[in-house]
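Note sheet for the following structure.
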Amino acid sequence: MSTVKIPPVLRPSTGGEREVPADGGNVGEVLRSLAEQHPDTQRQLFGEDGTLNRYVNVYLNDEDVRVLDGLETPVSERDTLVILPAMAGG
Amino acid sequence: MASGAELIRQVKDRIAEVDPREVRDRLRPSENGAGSNGASANGAGAAAAKPVVVDVREQHEFEEGHIPGAVHVPRGHLESRIEGASADRSAPIVLYCASGNRSALAADTLERQLGYENVESMTGGITLWKDRGFDVEVPRALTPEQRSRYSRHLLLPEVGLEGQIRLLESKVLLLGAGGLGSPVALYLAAAGVGTLGLVDDDVVDVSNLQRQVIHTGARVGEPKVDSAEEAIRDLNPGVEVVKYNTRLDASNIMEIVEGYDVIVDGVDNFPTRYLLNDATVRLQIPVVSASILGFDGQLAVFKPYDGPCYRCLYPTPPPAELAPSCGANGVLGVLPGTMGLLQATEVIKLVTEAGDPLVGRLVLYDALAASFTELKVRRDPECPICSRPPGEISEEEMGVFPDYEAFCAAAG
């Protein structure tokens, strides 16, 4: 089971959880597993066509999945996914 | 016993002397490659390589002007410090002082007591050098008050006199004199940044005082730029404060940011962050960016064309529902202190060129977990802004993204 780190703006959708364990062999499967556990995250992460929203950055460990294989990037049990939305507070 | 004048005469008889013109010629960049500037009056050895020129006068004399590139080793510290200037006993060294006497005595010491084999004293010293009309470099020196004020920086090899002078000559623009801007302004003023520009159109409110430590209860109701200026003056009157009591927008951004060496982004909204990015990429000014919300902070340095820009990291802003402000969501009062001081640290590193700047990396700070996470940020080869040369970024497209109008409407 890999770990998904939840940013503050998504925590209301995960019942306040900051880290959610989720199953899946690749990034897309892990995120869909997250969305199954916490349905409110579905709309925030994915567009209607099932692709990742452009304003959501996802990192596998420290690397942006956009420079890897996107949602197809393989994920192993010990990996951490970081969901990163832009913030503008100052 | 010989008189002082006699001693100097005797010493000059046994050491080698060199005319300022010859020294000037040897210091000129060689046209035929290093070590081939043949014709020297003092033998092939001395002419083969550029000499190390050592100024043996006192500190204040050196500060008033010296031969460009000269190393300063006061005669009183000659024996203990000469190896810092030239450890190689066979390398050519030219010593000079004001008129050629102290350097003659110093040359004698280097030869007879320290075994330097290739030492000359420059005839007539810097006085004759100047009379001949040769270049003199006047180093920027610190006043005694500055020496004392910045003494802890001067002790750090990574900053030192050179780094402190860079700080004193630097111009840093702070966008926002709020949560992030407060600690940044205070610490950069303390560090001796020469010019601090402050952009903010807000006034001090009592709800700011939980985190905006540059303001005070007595200044509630004052413009933030005035309040911040007062605090900076109290801390370090040597800092020049330039106030912009306005909101940064497309109409004024180029005028405001141009000429600054580094920009500190602590603004509280997305449209301004994108606008700032586009303008600074065009002007090639690095931005030290941070944002905060709740217990979380993000930090990155966007150095145009050296690393990714803000749009490479965030091609599109989130919808308003996922982009709450601190006003709506709250923020731990200490958090902008933590993130602001990380920003101030990056500014000082950029100005002094010390260490590795946070370019191409994003640091996330989670105060509740007490954890830092570092992520890689890469340049996007298809970035709408920084994939193009700066001259091609037009004024019309700055700060624009596809759903800009809708976004701004939603964000209010």
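The values are calculated or read from the model by the stated rules, or taken from the named source; none is laboratory data. In this text, all values refer to a predicted model and were calculated from it rather than measured experimentally. Glycine gets a Cβ as well: all are built from the backbone with ideal geometry, and neighbour counts include every protein chain shown. To get the accessible areas, we keep the full protein, side chains included, count just its heavy atoms, and leave off ligands, DNA and RNA. Shrake-Rupley method; radii C 1.70, N 1.55, O 1.52, S 1.80 Å.
When only the heavy atoms of the protein chains count and the probe is 1.4 Å, how do A:Met1, B:Met398 rank by accessible area, highest first? The partial results should precede the final answer.
Values: A:Met1 100, B:Met398 10 Å².
The most accessible residue leads, giving A:Met1, B:Met398.
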Averaged per residue, what accessible area in Å² does the protein assembly as shown show with a 1.4 Å probe, protein chains only? 45 Å²
Taking only Cα atoms of chain B, what ratio of Rg to Rh do you get with Rh as the Kirkwood inverse-distance radius? 1.13
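Rounded if a/c is under 1.5, else prolate if a/b is larger than b/c, else oblate: which is region B:170-411, with a ≥ b ≥ c the root eigenvalues of its Cα gyration tensor? All intermediate terms of the calculation are to be shown ahead of the outcome.
Details: a/c = 1.36, a/b = 1.27, b/c = 1.07.
Rounded shape, in that the Cα axes give a/c under 1.5.
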If unit charges are put on Cβ atoms (+1 for Lys and Arg, -1 for Asp and Glu) and the dipole of chain A is taken about its Cα centre, the option from A:Leu71, A:Gln44, A:Gly89 lying farthest towards the positive end turns out to be A:Gly89
With a 1.4 Å probe and all protein chains in place, put B:Ile385, B:Ile165 in order of accessible area, largest first. B:Ile165, B:Ile385
Under a 1.4 Å probe, counting only protein heavy atoms, B:Tyr187 has an accessible area in Å², nearest 10, of 130 Å²
What helix-only [θ] at 222 nm does chain B give? Using -39500 (n - 2.57) per DSSP H run of at least 4, over all residues, to the nearest 500, the answer is -10000 deg cm²/dmol
Quantify, in whole percent, the carbon and sulfur part of the accessible surface of region B:180-286 (1.4 Å probe; protein heavy atoms only). 47 percent
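What percentage of all Cα-Cα pairs in the protein assembly as shown are separated by more than 36 Å? Could you put the intermediate results ahead of the total?
Numbers: 59957 of 125751 pairs.
It works out to 48 percent of all Cα pairs.
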Considering only DSSP beta bridges where both residues belong to the protein assembly as shown, give the percentage that are antiparallel (nearest 5). 50 percent
If I histogram all Cα-Cα distances within region B:124-278 using bins 10 Å wide from 0, what percent of pairs lands in each bin? 10, 34, 28, 17, 6, 4, 1
Mean separation of Cα contacts under 8 Å, 6 or more apart, over the residue count of chain B: relative contact order %: 12 percent
Could you grab the relative contact order for region B:155-301? Cα pairs under 8 Å, six or more apart, rounded to a whole percent. 24 percent
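Can you give the FRET efficiency to the nearest 0.05 for A:Ser76 and B:Ala190, using r as the Cβ-Cβ distance and R₀ = 60 Å?
In this case the efficiency is close to 0.80.
If R0 is 56 Å, what FRET efficiency do you get for B:Arg233 and B:Leu7 from their C-beta distance, rounded to 0.05?
About 0.55, to the nearest 0.05.
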Report the calculated FRET efficiency for B:Arg14 and B:Glu158 (r = Cβ-Cβ distance, R0 = 60 Å), to the nearest 0.05. 0.90
What dipole magnitude, in Debye to the nearest 20, does chain B give about its Cα centre under +1 on Lys/Arg Cβ and -1 on Asp/Glu Cβ? 1160 debye
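Write down, largest first, the equivalent ellipsoid semi-axes of chain A in whole Å, where each equals the square root of 5 times an eigenvalue of the alpha-carbon gyration tensor.
They are 18, 15, 14 Å, listed from largest to smallest.
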